[in-house]
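Peer 1: Please see the structure below; I have some questions.
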Amino acid sequence: MSGDKIDVMVIGSGGREHAICWKLVQSPKLGKLYCAPGNGGTATLERTVNVDLKVSDFAGIAKFAKENSVGLIVIGPDNPLADGIVDYLQSQGLRVFGPTQQGAMLESSKAFAKEFMVKHKLPTARFLVAEDHQTALSLLKANPWIRVVKADGLALGKGVFVCDNDAEVEAALEIMFGERRFGDAAKQVVLEERLQGEEISLLFFCDGTHITAMPACQDHKRRFDGDRGPNTGGMGVYSPVPLYMNCATEIENEVIKPLRQVFADKAFDFKGVIYAGLLVVCEQNPDGSVAYKPNVLEFNARFGDPETQVIMPLLRSDLLQILWNCTDGTLSSTPVQWSTEAACCVVACADSYPESSSSGKAIVIGTSNNQSVSVFHAGTKLSDGKLVTAGGRVLAVTALAGTSEESVALAYESILKIKFEGMDYRKDIGRRKLAACR
Ligand code: AMP
Ligand code: GLY
């Protein structure tokens, strides 16, 4: 990276992209920042300009980037990665942070990801792959441990069925192969054993040969308090995770070391963010102690949302330098420092989310002078200069504090300053988990 300032373009329009932009504008090396298409938060961020281009408009993005001398393009969402945006932009001579279409298969094909885990000895749930309805039913008959049915491809986070019995597995197979509700995303399905345990999101920067872990955090995927209701994109996150601190050694030995080796061996071409969705099984030993068994449930090939809304405020180092060095293969010599504070992020959504979204409702965000609180926009836009709702998850409030209890309390105190018609949020982000580990 030379001494010159770099103009950067971020692709996407969610809370994740606002958080990435918020961190990038703190870099002394940043020139101009473009966000395509962006949201109401990026529209009002200093030095940042929204560009009205769809994330699927690869040619438009390349044209804009070339005309505006963009030095680095950062890809947020999964779909353009799966569709090969990085390959296309690179073929146009542009520098991009994100994996190629082949690398993005870690997320866009669950069968590919499971085979990757087996090949590289990463612990994961037992599984089989079926390419048609009849084979899937025969496999279920012969393997009564099958309790989870997953569409192989991207299905907006809705393609996973966790079942209690054979009848539910059969119903899920009917949806995938009979109804074809997920179309070609369920051309093949992964049939898995069901694990019981706690989930942890563990993300890594990756430059192709080296990985650097970000702080572990825990998402709350279910819509309602007490982890009830339908799955969502994520209703809130907190970090640090007490469970992670209990089993950091097991995760280091069984997940991080083998993953590090994959890249040290140059066994997989990947530059970008690897997001490991872990499930830790806790078993009681005969002597009363607890054995922790981490499993990789899934990989994503991008930053998480809303994980990024806690990770960016915790990052002390220069994000632009880190992303640039990932594209350069020099991550191992790049400082990546983290705050030791606790963080909590609560998502404010439409009361109808995830069934439907909110549109055109005026948003009021009360002013706060607290430097430890950030409001990240997700489904918002500026309409005639006024901030209005434009999505299911609308905003996310992140608070940092010395202890987890304080960060949770501050996030909840701060969300009271936000108002829009039909606003809802979970009241138990971080709280149940903190109570449970006393
Ligand atoms: P995935 O997209 O593979 O992460 O699955 C979505 C959600 O389904 C996960 O976050 C888990 O809550 C649940 N899940 C997936 N696989 C399993 C499994 N093998 N056992 C139990 N729960 C699972
Ligand atoms: N928070 C879950 C995800 O980004 O996939």
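Peer 1: For the chain, what does the relative contact order come out to in percent, with C-alpha contacts under 8 Å and a separation of six or more?
Peer 2: 16 percent
Peer 1: Compute the distance from the alpha-carbon center of region 158-196 to that of region 239-315, in whole Å.
Peer 2: With region 158-196 and region 239-315 each reduced to a Cα centre, they are spaced 26 Å.
Peer 1: Further, regarding this structure: Say a paramagnetic label sat at a point 7 Å from the Cα of residue 285, along Cα to Cβ; which residues of region 240-266 have their backbone N under 14 Å from it?
Peer 2: Only 247, 249-250 fall inside the zone, counting backbone N under 14 Å.
Peer 1: In a Gaussian network model over the chain where Cα atoms closer than 10 Å are linked, find which of 287, 87, 318 has the largest mean-square fluctuation.
Peer 2: Evaluated over the chain, the most mobile residue of the options is 287.
Peer 1: Sticking with this structure for a sec: Distance from the Cα centre of region 220-234 to that of region 375-394, in angstrom?
Peer 2: Answer, in whole Å: 22.
Peer 1: Once Rh for region 164-317 is found with the Kirkwood sum over Cα pairs, what is the Stokes-Einstein diffusion coefficient at 20 °C and 1.002 mPa s, in µm²/s?
Peer 2: 122 µm²/s
Peer 1: Continuing with the same structure: Given the rule -39500 (n - 2.57) for each run of at least 4 DSSP H residues, summed and divided by the residues of the chain, what is its mean residue ellipticity at 222 nm, to the nearest 500 deg cm²/dmol?
Peer 2: Taking each H run of at least 4 residues, the total per residue is -7000 deg cm²/dmol.
Peer 1: Using the beta-carbon distance between residue 92 and residue 137 and R0 = 60 Å, what value does 1/(1 + (r/R0)^6) give for FRET efficiency, to the nearest 0.05?
Peer 2: The value I calculate is 0.80.
Peer 1: Ranked highest first by the average count of other Cβ atoms within 10 Å around their residues, in what order do 29-40, 275-286 fall?
Peer 2: So the order, starting with the most tightly packed, is 29-40, 275-286.
Peer 1: Take the alpha carbon atoms of region 328-350, find their center, do the same for region 1-54, and report the distance between the two centers in whole angstrom.
Peer 2: 17 Å
Peer 1: Taking the Cα atoms of region 185-226, what is the range of coordinates along each of the three principal axes, in descending order and whole Å?
Peer 2: Principal axes ranked by extent give 34, 33, 19 Å for the Cα atoms.
Peer 1: Taking amide hydrogens as modeled 1.01 Å from N in the peptide plane, which residues meet the under 5 Å criterion relative to residue 383, leaving out close sequence neighbours?
Peer 2: Close amide H contacts, sequence-distant or interchain: 388.
Peer 1: Which FRET efficiency value, to the nearest 0.05, is calculated for residue 26 and residue 417 with the Förster distance at 25 angstrom and r the Cβ-Cβ distance?
Peer 2: 0.65
Peer 1: Okay, moving on. Using the C-alpha gyration tensor of region 1-70, what are the square roots of 5 times its eigenvalues, in whole angstrom, with the largest one first?
Peer 2: 18, 16, 9
Peer 1: May I pose another question? Can you give the translational diffusion coefficient of the chain in µm²/s, computed by Stokes-Einstein from the Kirkwood radius over Cα pairs at 10 °C and 1.306 mPa s?
Peer 2: 71 µm²/s
Peer 1: With 10 Å bins from zero, work out the P(r) of region 198-437 over every alpha carbon pair and list the percent per bin.
Peer 2: 7, 29, 33, 22, 7, 1, 0
Peer 1: Treating cross-link reach as a plain straight distance, find the aspartates and glutamates whose alpha-carbon is under 16 Å from the alpha-carbon of residue 63, omitting any fewer than eight places away in the same chain.
Peer 2: Filter leaves 7, 52, 87.
Peer 1: For region 140-155, what does the Karplus curve 6.51 cos²θ - 1.76 cosθ + 1.60, with θ = phi - 60°, yield as ³J(HN,Hα) per residue in whole Hz, taken in order and with x for Gly and Pro?
Peer 2: The phi angles translate into 4, 4, 7, 10, x, 7, 5, 9, 10, 10, 10, 5, 5, x, 5, 9 Hz.
Peer 1: Oh, and also: Step through the table entries 114/187; 121/141; 361/386; 54/114; 221/361, compare each Cα-Cα distance with 22 Å, and write down the pairs that go over it.
Peer 2: 121/141; 54/114; 221/361
Peer 1: Which one of 6, 101, 37 has its Cα pushed farthest toward the positive end of the charge dipole of the chain, where Lys and Arg give +1 and Asp and Glu give -1 at the Cβ?
Peer 2: Sorting the options by dipole projection puts first 6.
Peer 1: By average Cβ neighbour count within 10 Å, what is the ranking of 218-224, 244-250, 1-7, 48-54 from highest down?
Peer 2: For the peptides 218-224, 244-250, 1-7, 48-54, the packing ranking is 218-224, 48-54, 244-250, 1-7.
Peer 1: In units of 2.2 N^0.38 Å, what is the alpha-carbon radius of gyration of region 132-187?
Peer 2: Taking N as the residue count of region 132-187, the ratio is 1.03.
Peer 1: Given points 7 Å out from each Cα along the Cα-Cβ axis, report the residue 261 to residue 56 separation in nanometres with one decimal.
Peer 2: 4.2 nm
Peer 1: Any idea how far apart residue 1 and residue 250 come out in nm if each label point goes 7 Å out from Cα toward Cβ?
Peer 2: 3.7 nm
Read-outs throughout are calculated quantities, based only on the coordinates presented, and are distinct from any laboratory measurement. Bear in mind that the values here come from a model prediction, so they are computed numbers and not experimental data. Virtual Cβ from ideal backbone geometry, glycine too; neighbours counted across all protein chains shown.
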